[in-house]
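As structure tokens, the structure follows; a few thoughts come after it.
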Amino acid sequence: MTPHVEIHEIISARTHDLRRRVLRDGAADAVVDWVGDHDDSTVHLGAVVGGQLVGISTWSAVPDPHATDLPSIQLRGMATDPAFAGQGLGRSLLDAGFGRARSAGPVRVWANARVTALEFYTRAGMVASGPVFVTEATGLPHRHVHIDLS
Ligand SMILES: CC(C)(COP(=O)(O)OP(=O)(O)OC[C@H]1O[C@@H](n2cnc3c(N)ncnc32)[C@H](O)[C@@H]1OP(=O)(O)O)[C@@H](O)C(=O)NCCC(=O)NCCS
């Protein structure tokens, strides 16, 4: 069952705990303040259930390395607290981010998706393309995903 979720814009510092716990295996020395976090174009969206921040995502104007004529927004740092996984919160964050992205006109949203989470993105309409590659920050296999919104 999907719990009642509110999607809010949050300051970047509020992403740090979930980034560390969910995306960096809880590593105390993990870098959780990322390049671009404080750019003017960057928006951090949080999923809040019962007053608790249980999901995060970060959206920034960054050109897509797979060329497109559309303005592009990179989605990063997508994470749901494991205690709340599989309840539709990640999808709520995607839908909110897509809605904001398309409000200024046609736009591409792209991401480097962990292969383990690829289906999460494709179920939301994103398309995987190109080869599998490993990111330096995680050491994990990823694929490029994108969706063109109008
Ligand atoms: C991937 C992640 C963000 C998904 O968040 P979530 O809140 O559990 O996702 P939702 O419950 O909204 O799932 C939406 C849909 O995607 C599917 N889905 C979610 N995670 C999936 C996964 N890892 N593999 C396959 N399908 C997945 C769900 O089954 C659901 O399908 P449906 O539309 O048919 O019901 C979350 O599991 C997570 O934080 N994983 C660990 C960190 C991670 O890999 N982040 C992505 C980095 S690129």
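Examine region 122-131 for a residue that is assigned to a strand (DSSP E or B), within 11 Å of the ligand (Cβ to nearest atom), open to solvent by less than 30 Å² (accessible area, probe 1.4 Å) and modelled with pLDDT of 95 or more, and state whether such a residue exists. Give the steps one after another, and end with the answer.
Filtering region 122-131 for residues assigned to a strand (DSSP E or B) gives 127-131.
Next cut, within 11 Å of the ligand (Cβ to nearest atom) only: none.
No, there is no match, as no residue in region 122-131 is assigned to a strand (DSSP E or B), within 11 Å of the ligand (Cβ to nearest atom), open to solvent by less than 30 Å² (accessible area, probe 1.4 Å) and modelled with pLDDT of 95 or more.
So, in region 1-15, how many residues would count as being open to solvent by 90 Å² or more (accessible area, probe 1.4 Å) and touching a strand residue (DSSP E or B) at 6+ places or on another chain (Cβ under 9 Å)?
4
The values are calculated or read from the model by the stated rules, or taken from the named source; none is laboratory data. Only a predicted model underlies this, so the values are computations on that prediction, with no experimental measurement involved. Counting neighbours? That spans all protein chains shown, and the Cβs are built from the backbone with ideal geometry, glycine included. These accessible areas exclude ligands, DNA and RNA; they are computed on the full protein's heavy atoms, side chains included. Shrake-Rupley method; radii C 1.70, N 1.55, O 1.52, S 1.80 Å.
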